[in-house]
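The values are calculated or read from the model by the stated rules, or taken from the named source; none is laboratory data. Treat the numbers as computed from the prediction; the structure is a model and nothing was measured. Don't worry about glycine lacking a Cβ; one is built from the backbone with ideal geometry, like all the others, and counts go over all protein chains shown. Areas reflect the complete protein model, heavy atoms only, side chains present, ligands, DNA and RNA absent. Shrake-Rupley method; radii C 1.70, N 1.55, O 1.52, S 1.80 Å.
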Amino acid sequence: MKFVFAALIAVVVLVAVTGFASADRLPNQTPENQVFSIDTVIDATGAVDDKTTMSWVIASPGKIPTGILGASQSISDVTFKDAILTNGGKLAENKNFDFSSKNQASGLYNIENQKVLTYASTEGAHLVGEEEYTLSVAGNYATGSDNIRCVFSTNHGSILPAFCNIVSAKSSLVNVNSAQVSTKGQIRAVAETADVPAGLNYQIAVTPDANSGSGFAEGTVKTVFAGSIMEARDIGYSDGTGKTWNKTSATNSWKDTTEVTGGIKTLQKAFTYQSGFKV
């Protein structure tokens, strides 16, 4: 059988920093919080259908708005999807999903998911799968002194500008006959103060199944990393018609796509995103 050699290693790192020009202000936790974990271990020959989904919306201060955000209000809208389906073959999977709605510090996350699977086809069977992380954060203007704890801050009259940012990371497995796949995803959507940035990280690695003897993973792997950023400026700025805290001062839309089909020696993709006043 003829194989197409495909090797790809890519890292995408995006950081939105500082000033009063670009940054997310995360909502804070509710008085009652939820913490749970879901662990999955599968070792089977035959059809497998495994899915995990989550939708989470949180706003502060006050309730989730039905229209325009109120002054000082911010909102996080998070979705997570992970699914694999086989119509036969041998599958070994170990997956760990952890969620906490508590305030998180930099370097910690509300959602963490890790997965390692190995698949080998039998009698023409194959595997399909999809994994997706989406983080949408928006906020109206707020008083800077109420949100940022920084010993160097002296301008207590500053205003943190409005913003509306959304980023996502997605991978798809199509007609996989043989492969070892490992993924890791993280989202930070809740924090006590605005000096903790929003965050989304995702990694995927596809390598041959060591037991296949071919030296190649076989199938199609797709990844899509995308973002749309809209930021205003500090209320201290003026465009001649009034203050600009609620007027778009910066936009940034981007998309990274990869698709590999055939015999895959190595495929690795990594995406890191942070947006905050101090990152």
Have a look at V48, V41, V57 and point out the one that is more than 28 Å from A205 (Cβ to Cβ), at pLDDT 95 or above and touching a strand residue (DSSP E or B) at 6+ places or on another chain (Cβ under 7 Å). V57
Test A59 against the stated conditions and say whether it is among the small types (G, A, S), on the phi < 0 side of the Ramachandran plot, surrounded by 15 or more Cβ atoms within 10 Å (Cβ to Cβ) and in contact (Cβ under 8 Å) with a residue 24 or more places away in the chain. yes
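Within the range 23-65, take every residue that is basic (K, R) and in a loop (DSSP other than H, G, I, E, B) and give me the one that is nearest to A142 (Cα to Cα). Working first, answer last.
Pass one, the range 23-65, residues basic (K, R): 25, 51, 63.
If we keep only those that are in a loop (DSSP other than H, G, I, E, B) too, we end up with 25, 63.
Details: R25: 9, K63: 17 Å.
The qualifying residue nearest to A142 (Cα to Cα) is R25.
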Residues of the range 197-216 that turn out to be open to solvent by 20 Å² or more (accessible area, probe 1.4 Å) and either outside any strand (DSSP E or B) or modelled with pLDDT under 95 (or both), as a count: 8
Of the conditions (1) part of a strand (DSSP E or B); (2) open to solvent by 50 Å² or more (accessible area, probe 1.4 Å), I68 satisfies every one except a single condition; which number is it? (1)
One residue is enough: does the range 241-261 have a residue meeting the conditions closer than 23 Å to A169 by Cα, modelled with pLDDT under 95, in contact with a Gly (Cβ under 6 Å, 6 or more places away or on another chain) and part of a loop (DSSP other than H, G, I, E, B)? no
Residue identified as under 19 Å from the mean Cα position of the chain (by Cα), more than 20 Å from L117 (Cβ to Cβ) and at pLDDT 95 or above among Q34, Q104: Q104
Filtering the range 84-125 down to residues that are outside any loop (DSSP other than H, G, I, E, B) and among the charged types (D, E, K, R), which residue is nearest to A194 (Cα to Cα)? E112
